[in-house]
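Data block below; observations after.
Read-outs throughout are calculated quantities, based only on the coordinates presented, and are distinct from any laboratory measurement. Computed from a prediction, not measured in an experiment: that's the story for all the values here. Every residue, glycine as well, gets a Cβ built from its backbone with ideal geometry; the counts of neighbours run over all protein chains shown.
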């Protein structure tokens with residue numbers, strides 16, 4: 001009845017969960033939740049510490065890139081781009097640090113802004129929101145891991 005559409009309006013179609021890389025942070029093959037209902041993108045971090053380096057604000061944090069091996073920890077640091085007040089899905093407002101990094105999804109790579117948060121109770125380490133997706137993709141919420149198809 002319906003044809004399988006690989007591209008619409010010359011935009012690639014992605015699913016609601018995709019494997020992504022954050023090469024600047026040393027993260028590869030992480031399952032990312034694609035969320036068109038979220039404006040911002042967020043990344044789960046632990047042990048977040050802010051500091052100054054030569055008068056500029058920076059953050060240090062730990063990442064657990066492998067959900068199946070929480071003992072694996074990456075220590076990261078990045079300059080702070082901004083501090084935003086974000087309303088989470090449960091309606092609670094919180095201030096979050098924003099960093100810029102590079103995202104690789106399938107064969108596409110581009111700079112994005114990511115808020116650092118505690119997503120420990122969430123299924124996915126990272127959420128990719130509308131601002132992070134830009135105008136690059138169409139999302140099929142019934143599919144996952146579209147590159148493998």
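Summary table below
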quantity: Rounded, prolate or oblate (a/c below 1.5 giving rounded, otherwise prolate when a/b exceeds b/c) for region 20-72 by Cα gyration tensor; calculated: oblate
quantity: Extension gain (nm, one decimal) between residue 58 and residue 88, 0.36 nm per residue minus Cα-Cα; calculated: 8.5 nm
quantity: Two-site label geometry, residue 121 and residue 13: point separation in nm, points 7 Å out along Cα→Cβ; calculated: 3.5 nm
quantity: Burial ordering of 97, 108, fewest other beta-carbon atoms within 10 Å first; calculated: 108, 97
quantity: Least to most buried among 95, 104 (fewest other Cβ within 10 Å first); calculated: 95, 104
quantity: Region 77-124: C-alpha gyration tensor shape, a/c 1.5 cut-off, then a/b vs b/c; calculated: oblate
quantity: Alpha-carbon radius of gyration plus Dmax, which is the widest Cα pair, for the chain in Å; calculated: 15.9, 62
quantity: Percent of beta bridges antiparallel (DSSP, the chain, rounded to nearest 5); calculated: 75 percent
quantity: FRET efficiency, residue 47 to residue 145 (Cβ-Cβ, R0 22 Å, nearest 0.05); calculated: 0.15
quantity: Extension gain (nm, one decimal) between residue 113 and residue 68, 0.36 nm per residue minus Cα-Cα; calculated: 13.6 nm
